Amino acid sequence: MTWDAYNRRKSALREVLALADRRRHDTADQLLDAVPDARVAFGDDLSLLFDVQMAWYQRLSGELDRTVLEGDSPATVAVEAWVACAAEMPGARALLDAHRDRPELAKAFAKERALLAVSAGVSSWHPDLVGQGEHLVSRAREQVEYPSVESMPPLHGGSENRTSAFITRLRNALAA
């Protein structure tokens with residue numbers, strides 16, 4: 001993948017996630033069709049879902065690193081980190097939850113669960129590490145409060161943002 005393709009893909013992912021925050025019931029295919037150049041950048045919904053999962057995992061990992069020293073029990077910190085990420089990325093969480101039964105994503109979800117479990121103090125050698133992580137996710141789902149769609153920042157604030165987005169798309173098209 002070239003740098004231009006990489007940057008186009010990251011830009012499309014940001015736009016898809018911003019739209020997903022506002023349209024949480026849309027499918028991955030609907031979001032790919034709604035964002036200009038997203039279908040070209042990702043090709044199919046599975047590629048998009050892998051990138052959404054990676055963005056989610058990175059945010060969760062960062063949140064776990066940031067909150068690990070807060071003094072609560074490790075399990076509480078892990079649950080609170082998941083809750084915070086879900087509130088920050090409601091569209092990503094909705095997309096991933098809608099596709100959690102896809103076998104292609106099972107390994108990615110298992111790694112997320114293992115990360116949570118290890119962060120909660122479960123030994124990485126525990127025979128049911130993923131199950132322990134799933135238990136933490138279940139606890140987190142009970143606590144999460146997603147922001148209302150109305151409280152989300154506008155997709156494009158003003159004419160400056162629209163112009164900037166247009167110029168970015170134009171640059172990407174010329175680079176292709």
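Every number in this text was worked out from the coordinates using simple rules, so none of it is lab data. None of these values were measured; they are calculated from a predicted model. Please note: Cβ atoms are built from the backbone with ideal geometry, for glycine as well, and neighbour counts cover all protein chains shown.
Computed extension length for Asn7-Glu142: 45.0 nm, one decimal, from 0.36 nm per residue of separation with the Cα-Cα distance subtracted. Computed from Cα atoms, the angle from the helix 3-22 axis to the main principal axis of the chain rounds to 70 degrees. Sequence-distant contacts, meaning Cα pairs under 8 Å at least 6 residues apart, place the relative contact order of the chain at 25 percent.
Which length gain, in nm to one decimal place, applies between Trp125 and Val68 when the Cα-Cα distance is subtracted from 0.36 nm times their residue separation?
Gain in length upon complete extension: 18.5 nm.
Rounded to the nearest 20, the size of the Cβ-charge dipole of the chain about its Cα centre is 480 debye, with Lys and Arg at +1 and Asp and Glu at -1.
The packing ranking, built from the mean of other Cβ atoms within 10 Å per residue, places the peptides 28-36, 114-122 in the order 114-122, 28-36, highest first. Relative to the longest principal axis of the Cα atoms of the chain, helix 129-143 runs at roughly 70 degrees. Counting other Cβ atoms within 10 Å as a rough exposure proxy, the listed residues Met1, Met89 run Met1, Met89 from fewest neighbours to most.
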